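The values are calculated or read from the model by the stated rules, or taken from the named source; none is laboratory data. Keep in mind that this is a model prediction, so the values were computed, not measured. Heads up, the Cβs are rebuilt from the backbone with ideal geometry, glycines too, and the neighbour counts pull from every protein chain shown.
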Amino acid sequence: MIGVVLADDESMMRAGVRAIMSADPQITVVGEAADGHQAVEQVVRHRPRVALFDIRMPRMDGLAAAARVRRQAPETAVVMLTLFGEDAYIASALDIGVSGFVLKTGDPGDLMAAVRAAAAGGAFLSPPVARWVLDHLDGSRSRGARERVEALSPREREVLSLIGHGLTNAVIAQRLGVAASTVKTHVDAVRARLGVRTRVQAALVAYDAGLLDTGP
């Protein structure tokens, strides 16, 4: 069972997200909050596998709440709920170590996919968010990403590409026909060589380097 804490200052938004997630019997909302302070309290109390935080909330915004959760409950993966026009927050959220971004006006399936991916240790970016990231990359960043990726072994590049497509370690292991522990070793090596802390950051390097031009 995947426990989720949901935080959004709009009660109708919380009700809508809760209704979407209720369609999956493996996902349950264990706590709700209307502001950032309550969100952190709910996470610390319930220790869910995933926290869904709106970026803009009263008393403490979603980014500050996510940073506290990463310190106080690092076992909880944080996924940010965002709107178009909040793109300036993406870089800060990545630095904090969030596991994904879901567009509030996007496909409900993205929300479910993000929760499952985050719970399994994966990463997820709604397609519009991923496109925005790609559209706003400058050439030097793309070149730098390609140079960093070239330093990886062929197997590590393959693993990075699969991370970029949002696959979890278990799915990558099945795809490559290896043990999950072997995949974890590769993922740890990829993160270390790229100098990133999270799977989302690794996925963005994959985007930057052009590894995701083809399907997983």
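Some observations on this one:
- Candidates Val40, Val4, filtered to the one that is β-branched (Val, Ile, Thr), assigned to a helix (DSSP H, G or I) and either at pLDDT 95 or above or touching a Gly at 6+ places or on another chain (Cβ under 7 Å) (or both): Val40
- Tally of residues being in a helix (DSSP H, G or I), at pLDDT 85 or above and surrounded by fewer than 14 Cβ atoms within 10 Å (Cβ to Cβ) across the stretch 77-116: 1
- Members of the stretch 167-181 found to be buried (at least 21 other Cβ atoms within 10 Å of the Cβ) and not in a helix (DSSP H, G or I), listed by number: Leu167, Thr168
- The set of residues in the stretch 2-25 being free of Cβ contacts under 8 Å to residues at least 40 places away in the same chain, farther than 14 Å from Gly62 by Cβ and either surrounded by 14 or more Cβ atoms within 10 Å (Cβ to Cβ) or not assigned by TED's automatic domain parsing to the domain that holds Met60 (or both) consists of Gly16, Arg18.
- Residue check: Pro74 meets all listed conditions (1) buried (at least 24 other Cβ atoms within 10 Å of the Cβ); (2) part of a loop (DSSP other than H, G, I, E, B) but one, namely (1).
- Test: residue in the stretch 4-14 that is under 18 Å from Ser126 (Cβ atoms), in contact with a helix residue (DSSP H, G or I) (Cβ under 9 Å, 6 or more places away or on another chain) and of a type in the set (D, E, K, R): yes
- Which numbered condition Arg56 misses (of (1) touching a Phe, Trp or Tyr at 6+ places or on another chain (Cβ under 9 Å); (2) of a type in the set (D, E, K, R); (3) crowded, with 19+ Cβ neighbours inside 10 Å): (3)
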